[in-house]
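See structure below.
The values are calculated or read from the model by the stated rules, or taken from the named source; none is laboratory data. Please read all numbers here as calculations on a predicted model, not as lab measurements. Glycine gets a Cβ as well: all are built from the backbone with ideal geometry, and neighbour counts include every protein chain shown.
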Amino acid sequence: MTKHFFRNLTIAGLMAGGSTMAMTAGATAADLGEKVVKPGLPVMTAFNPWMIRVRGIGVIPGGSNRVTLGGAGIAGAKVDMTDSIVPELDITYFFTPNIAAELILGTTPHTAKGKGAIAGLGTLGKAWLLPPTLTLQYHFTNFGAFKPYIGAGVNYTLFYGEEHGALNQFKVDHAAGLAVQVGFDYMLNKNWGINFDVKKLYLRTTARGNLPGGPVRAKMHLDPWIIGAGVTYKF
């Protein structure tokens, strides 16, 4: 009987020692900040909301639909704004994996040229266009590395750095408008990808200046297309 007693006591001691070691190991892991994952539970990954893109963009504006000299319309006269290609930066913030807001930052030079009945005037003037545009986007996330999106928002275009040509005191009015877009990112890995994006701005403004015969005004329906491609970086 004494033999059985000591054998049971030894087994109980070993079990207690094993439990103590397990508890000590668990406490040490917790003290060291190790992540303990329970079997069967998904591992949560951190969601970083920021994305930036660097693109080359082409800005393709339209022209005027009405030109006046001294208040009277000039039949067949038109003013066109030239296209421009420049670098551009945009910053995107994701509220959720699907909903994001994008702000584009870039500036482009353009030349106003006389067309039709005033083609002989040539270059009417030059100006820089700064069109900060904010869009709210929906990103589709069920296509793997291919991540298309659509968006709509607002734009406020500033014209600055005007230079006169045939028109003295050449000036283009600032203007606000709406914007729509479609595009996609193709992610090469967790952080890097390539991007293609098309925006349409609905932008109406007035270009003005002076000729010896009187003041000239052109009602401009610019409505530019902004077409870009570049590199995506997701934080």
| query | Out of curiosity, is F170 modelled with pLDDT of 95 or more and part of a loop (DSSP other than H, G, I, E, B)? | reply | no
| request: Within segment 211-221, track down each residue that is over 38 Å from the mean Cα position of the chain (by Cα) and part of a strand (DSSP E or B). | output: L211, G214, P215
| query | Do the conditions hold for K219, that is, is it at pLDDT below 95 and over 18 Å from G63 (Cβ atoms)? | reply | no
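Scan segment 152-163 and tell me whether some residue there is assigned to a loop (DSSP other than H, G, I, E, B), surrounded by 14 or more Cβ atoms within 10 Å (Cβ to Cβ) and in contact (Cβ under 8 Å) with a residue 40 or more places away in the chain.
Checked against the condition, which is being assigned to a loop (DSSP other than H, G, I, E, B), surrounded by 14 or more Cβ atoms within 10 Å (Cβ to Cβ) and in contact (Cβ under 8 Å) with a residue 40 or more places away in the chain, segment 152-163 yields no hits at all.
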| Single residue of segment 93-105 satisfying the filter (among the aliphatic types (A, V, I, L, M) and crowded, with 18+ Cβ neighbours inside 10 Å) that is nearest to the chain's Cα centre (by Cα) | I104
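One line per residue, one yes/no per condition, for (1) surrounded by fewer than 16 Cβ atoms within 10 Å (Cβ to Cβ); (2) in contact with a helix residue (DSSP H, G or I) (Cβ under 7 Å, 6 or more places away or on another chain); (3) at pLDDT 95 or above:
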site: V54; (1), (2), (3): yes, no, yes
site: G63; (1), (2), (3): no, no, no
site: G71; (1), (2), (3): yes, no, no
site: A77; (1), (2), (3): no, no, no
site: D80; (1), (2), (3): no, no, no
site: D83; (1), (2), (3): yes, no, yes
site: P87; (1), (2), (3): yes, no, yes
site: I91; (1), (2), (3): yes, no, yes
| remark: In segment 96-121, anything among the small types (G, A, S), touching a strand residue (DSSP E or B) at 6+ places or on another chain (Cβ under 6 Å) and not in a strand (DSSP E or B) is listed as G106, A117
| query | For segment 164-176, which residues satisfy the criterion of being surrounded by 15 or more Cβ atoms within 10 Å (Cβ to Cβ) and in contact with a Ser or Thr (Cβ under 7 Å, 6 or more places away or on another chain)? | reply | G165, A166, V172, A175
| query | Could we say that T141 is among the hydroxyl-bearing types (S, T, Y), assigned to a loop (DSSP other than H, G, I, E, B) and either in contact (Cβ under 8 Å) with a residue 60 or more places away in the chain or in contact with a strand residue (DSSP E or B) (Cβ under 8 Å, 6 or more places away or on another chain) (or both) here? | reply | yes
| request: Determine whether L167 is free of Cβ contacts under 8 Å to residues at least 40 places away in the same chain, assigned by TED's automatic domain parsing to the domain that holds Y138 and of a type outside the set (K, R). | output: no
| Just one of A112, A127, A166 is under 26 Å from G213 (Cα atoms) and in contact with a helix residue (DSSP H, G or I) (Cβ under 9 Å, 6 or more places away or on another chain); which is it? | A166
